[in-house]
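Notes follow once the structure below has been shown.
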Amino acid sequence: MAMSQAGKTLARNHIRFGWLMLAAFATIGVALEAFHGFKTDWYLEEAYETRRLLFTLGHAHGALLSIVNVLFGVAALATGGKASSLLLASRLLTIATVLLPSGFLIGGFGIRGTDPGIGIYLVPVGAVCAVAAFLALGIGAKQRRQANGARLPRK
């Protein structure tokens, strides 16, 4: 199936967004390693174990979702389709890529004992958006395959 120009633009935007976000989260990872290397009390003291965990989770989720954005863009270019059929998944994936890791990172500030800061409330919203994006992509792929008359071989 030929891809519309709008679909190609959407896919390329995800590839660009994914690489830029990966650069951002890799930079956060370098900063976290620097906190370790310079033995920063604000990060390493036992009282801040929750902060360390939240920052690590934010970095990891951000890097993973950044890679998912690149894969989404590449897969969209490879399989074709209209931008309108990819738009819902695109928006949900973009929101998830911002909210999920941001929730962990912001939650690492303002911790009280072992309780994260208020930013942690962004995490479940971002997680729901991520799962919804994955479902939309899976359902959309099945619909595109059926529209093209393609069938998976049976064993």
> Out of (1) within 30 Å of Ala47 (Cα to Cα); (2) touching a residue at least 12 places away in the same chain (Cβ under 8 Å); (3) among the charged types (D, E, K, R), the odd one out for Lys82 is which?
Replying inline: (1)
> Among (1) modelled with pLDDT of 95 or more; (2) among the small types (Gly, Ala, Ser); (3) surrounded by fewer than 23 Cβ atoms within 10 Å (Cβ to Cβ), which single condition is Gly107 missing?
Replying inline: (3)
> In segment 125-155, which residues are modelled with pLDDT of 90 or more and touching a Gly at 6+ places or on another chain (Cβ under 8 Å)?
Replying inline: Val125, Gly126
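Against the condition within 24 Å of the chain's Cα centre (by Cα) and either more than 19 Å from Ile95 (Cα to Cα) or aromatic (Phe, Trp, Tyr) (or both), how does Leu32 come out, does it pass? Show your work before the answer.
Numbers: within 24 Å of the chain's Cα centre (by Cα): yes; either more than 19 Å from Ile95 (Cα to Cα) or aromatic (Phe, Trp, Tyr) (or both): yes.
It is true that Leu32 is within 24 Å of the chain's Cα centre (by Cα) and either more than 19 Å from Ile95 (Cα to Cα) or aromatic (Phe, Trp, Tyr) (or both).
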> How many residues are without any contact (Cβ under 8 Å) to a residue 24 or more places away in the chain and over 19 Å from the mean Cα position of the chain (by Cα) if we restrict to segment 1-29?
Replying inline: 1
> Where in segment 1-99 are there helices (runs of 4 or more DSSP H), lying wholly inside it, with at least 3 residues that are among the hydrophobic types (A, V, I, L, M, F, W, C) and surrounded by 20 or more Cβ atoms within 10 Å (Cβ to Cβ)?
Replying inline: 5-37, 49-79
> Which ones in segment 78-93 are touching a Ser or Thr at 6+ places or on another chain (Cβ under 9 Å) and among the charged types (D, E, K, R)?
Replying inline: Lys82
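The values are calculated or read from the model by the stated rules, or taken from the named source; none is laboratory data. Since this is a predicted model, take the numbers as computed values, not measurements. So basically every Cβ, Gly included, is an ideal-geometry build from the backbone, and we count neighbours across all protein chains shown.
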